[in-house]
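Before any comments, here is the structure.
The values are calculated or read from the model by the stated rules, or taken from the named source; none is laboratory data. Keep in mind it's a predicted model, so treat the numbers as computed, not measured. Here the Cβ positions follow ideal geometry from the backbone for every residue, glycine too, while neighbour counts run over all protein chains shown. Quick note on the areas: whole protein, heavy atoms, side chains included, nothing else; ligands and nucleic acids left out. Shrake-Rupley method; radii C 1.70, N 1.55, O 1.52, S 1.80 Å.
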Amino acid sequence: MANIKSAIKRIKTSAKKNKRNGLVLAPAKSAYKKANKALANSDEKSLEMVKTAIKNIDKAKSKGLIHKNKAARQKQKLQLKLNKLGK
């Protein structure tokens with residue numbers, strides 16, 4: 001445990017930030033994985049899942065949690081798979 005007052009404060013603030021960032025990043029990651037899996041299985045709900053995934057990815061990108069190029073790459077992958085299904 002830290003002894004210095006500023007270090008103690010830093011630990012607390014970084015824990016808060018980590019929790020807040022996780023609330024945005026976790027849904028983005030899981031939505032991307034679910035949409036990817038649904039597209040692989042050509043599920044009928046894949047269009048809705050892709051829309052949700054793109055929304056969550058954009059939100060994480062706007063908060064600065066993922067790089068803009070990674071977000072673009074993930075969205076492009078989902079769109080290409082969706083287009084191959086013909087939806």
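Summary of computed values
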item: Of all residues making up the range 1-19, the number that are open to solvent by 100 Å² or more (accessible area, probe 1.4 Å) and either touching a residue at least 12 places away in the same chain (Cβ under 8 Å) or in a loop (DSSP other than H, G, I, E, B) (or both); result: 3
item: Residue match in the range 49-61 (condition: touching a Pro at 6+ places or on another chain (Cβ under 8 Å), in a helix (DSSP H, G or I) and either at negative phi or open to solvent by 70 Å² or more (accessible area, probe 1.4 Å) (or both)); result: yes
item: Scope the range 67-87; condition within 16 Å of the chain's Cα centre (by Cα) and surrounded by 17 or more Cβ atoms within 10 Å (Cβ to Cβ); matching residues; result: A71, Q74, K75, L78
